[in-house]
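*Asks:* Before I ask anything, here is the structure I am working with.
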Number of protein chains: 2
Amino acid sequence: MTRHIERQIEHLKERILRVGTLVEEAISRSISAVINRDVSLAQRVMASDEAIDRMEVEVEEECLKILALYQPVAADLRFVVAVLKINNDLERMGDLAKNIAKRVAQLEDAGPLDLPPEIRTMATLAEEMVRECLAAVVDGDPVLARRVREQDDAVDAQRQRVRKRLLDGIKAGPDRVEALLRLNSITKHIERIADMATNVAEDVIYMVEGEIVRHRADE
Amino acid sequence: MTRHIERQIEHLKERILRVGTLVEEAISRSISAVINRDVSLAQRVMASDEAIDRMEVEVEEECLKILALYQPVAADLRFVVAVLKINNDLERMGDLAKNIAKRVAQLEDAGPLDLPPEIRTMATLAEEMVRECLAAVVDGDPVLARRVREQDDAVDAQRQRVRKRLLDGIKAGPDRVEALLRLNSITKHIERIADMATNVAEDVIYMVEGEIVRHRADE
């Protein structure tokens, strides 16, 4: 029984990592699509979301199966519950990548646009957070998870700068408001990807240390 | 043992309903604060978020306790797993209410603003969806849950109209861009509350029928 559950947990770990890898790829492609205004890449991102959705459902079913058949306790139980939540967050990150890609497609006829340089900076940070939160899940590494958490403020700071630039851009040329608001949506989505990576990191800390760190920053 | 777990499940149901009631109240207050530009009500909403966060953590701990001590199977297991996810979504709805309230506070010095009438319509729809998805959780009612799901498109349609109005407003008076973008954020948050209510409704359908309906609309 014990060895059975170990095998199940290993298998679940591989699967959540596979979902994570797909999501990571969707995010990095959606960002490339923004930077290069590459509509065909954006379309590929949108098409790949279905596979992520399917895998999310499979991972959830696997978690339920493990809970029902192996009735894990202690660390194993915490791992399965953490995976249930992380799985959910990864799928939502995939949706955000899809939304970013949609905006790129909507910008197809928008003519030349000055991309605020901070978009690239915040995207690089957010991608790093996603990569590191996944490594933290697989290695059960709370130190790495805490590092992810700490990066979130830097993303928010960049986001505020982009927002300011876009507002100034709209004031200077209100005819461009439609396109500039789409860029604004893109940066909001990137910010939310970083938020979700932070959620995942907090679930890892909980999983390893049994300590619920969410909402701590507010207190 | 059986009677013990029944009692635990009943207790969990009461608790998730209590979280839901607090969230529902935060949402409806945040909307009132928007409509009446009531900054002091907005501040009360922001302050109430801490209680929601605390209750979310308690509900999650209770779910883990039930899984570890009572090792539920079948319908009970599905209920506990659904509550884990619903709890998460409710907490995020609470955050959205807080974000709406923040925007109201930021609009304090914005002078008179024409509130697009669709904001009220979409808020009413979203509030109804939240109320009904909670009732669906407590009664395990998939018919009601499906009704919630169907309302989401109406919210999205209203959202598109508000967006159009705000874009026109910005073009007509680019000096007002800051305030109009805050209104735009508010409507996005309302839209996301409706999305979360849809997630909860889908979890209820899964809980009752064991069928994962998420992502179906995409297929």
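The values are calculated or read from the model by the stated rules, or taken from the named source; none is laboratory data. This structure is a prediction, so every number in the text was calculated from the model and none was measured. Note that each Cβ is placed from the backbone with ideal geometry, even for glycine, and that neighbours are counted across all protein chains shown. SASA here: full protein model, heavy atoms, side chains in, ligands and nucleic acids out. Shrake-Rupley method; radii C 1.70, N 1.55, O 1.52, S 1.80 Å.
*Asks:* Count, please, the residues in region A:141-175 that happen to be of a type in the set (S, T, N, Q) and surrounded by 17 or more Cβ atoms within 10 Å (Cβ to Cβ).
*Replies:* Within region A:141-175, residues that are of a type in the set (S, T, N, Q) and surrounded by 17 or more Cβ atoms within 10 Å (Cβ to Cβ) number 2.
*Asks:* Here are A:65, A:13, A:85: which of them is out of contact with any Pro (no Cβ under 9 Å at 6 or more places or on another chain), buried (at least 17 other Cβ atoms within 10 Å of the Cβ) and not small (Gly, Ala, Ser)?
*Replies:* Exactly one residue qualifies, and that residue is A:85.
*Asks:* Of everything in region B:194-213, what is over 26 Å from residue B:33 (Cα atoms), of a type outside the set (A, V, I, L, M) and surrounded by 20 or more Cβ atoms within 10 Å (Cβ to Cβ)? Give them in sequence order.
*Replies:* Scanning region B:194-213 gives B:202, B:203, B:206.
*Asks:* Continuing with this model, one more query. Given (1) in contact with a Lys or Arg (Cβ under 8 Å, 6 or more places away or on another chain); (2) farther than 30 Å from residue A:64 by Cβ, identify the lone condition not met by residue B:47.
*Replies:* Every condition holds for residue B:47 apart from (1).
*Asks:* If you don't mind, there's one more thing I want to ask. Only one of these is touching a residue at least 40 places away in the same chain (Cβ under 8 Å), crowded, with 19+ Cβ neighbours inside 10 Å and of a type in the set (D, E, K, R): A:191, A:178, A:127. Name it.
*Replies:* Residue meeting the stated conditions: A:191.
*Asks:* Quick one: is residue B:138 within 12 Å of another protein chain (Cβ to nearest Cβ) and open to solvent by 10 Å² or more (accessible area, probe 1.4 Å)?
*Replies:* In short, no.
*Asks:* Name, by its number, the condition in (1) open to solvent by 50 Å² or more (accessible area, probe 1.4 Å); (2) under 17 Å from residue A:82 (Cβ atoms); (3) in contact with a Lys or Arg (Cβ under 9 Å, 6 or more places away or on another chain) that does not hold for residue B:59.
*Replies:* All conditions pass for residue B:59, except number (1).
*Asks:* Has region A:66-89 got at least one residue that is in contact with a His (Cβ under 7 Å, 6 or more places away or on another chain) and either modelled with pLDDT of 95 or more or within 14 Å of another protein chain (Cβ to nearest Cβ) (or both)?
*Replies:* Yes: one or more hits.
*Asks:* Somewhere in region B:26-38, is a residue open to solvent by 10 Å² or more (accessible area, probe 1.4 Å) and modelled with pLDDT under 95?
*Replies:* no
*Asks:* Separate question: Kindly establish whether residue A:196 is more than 14 Å from chain B (Cβ to nearest Cβ) and modelled with pLDDT of 95 or more.
*Replies:* In short, no.
*Asks:* Here is a further query. Just wondering, is there one or more residues in region B:42-54 that are facing chain A (nearest Cβ under 10 Å) and open to solvent by 50 Å² or more (accessible area, probe 1.4 Å)?
*Replies:* Looking through region B:42-54, at least one residue is facing chain A (nearest Cβ under 10 Å) and open to solvent by 50 Å² or more (accessible area, probe 1.4 Å).
*Asks:* Let me ask another. Out of the residues in region B:104-118 meeting the condition of being in contact with a helix residue (DSSP H, G or I) (Cβ under 6 Å, 6 or more places away or on another chain) and within 23 Å of residue B:154 (Cβ to Cβ), tell me which one is surrounded by the most Cβ atoms within 10 Å (Cβ to Cβ).
*Replies:* Among residues in region B:104-118 that are in contact with a helix residue (DSSP H, G or I) (Cβ under 6 Å, 6 or more places away or on another chain) and within 23 Å of residue B:154 (Cβ to Cβ), the one surrounded by the most Cβ atoms within 10 Å (Cβ to Cβ) is B:116.
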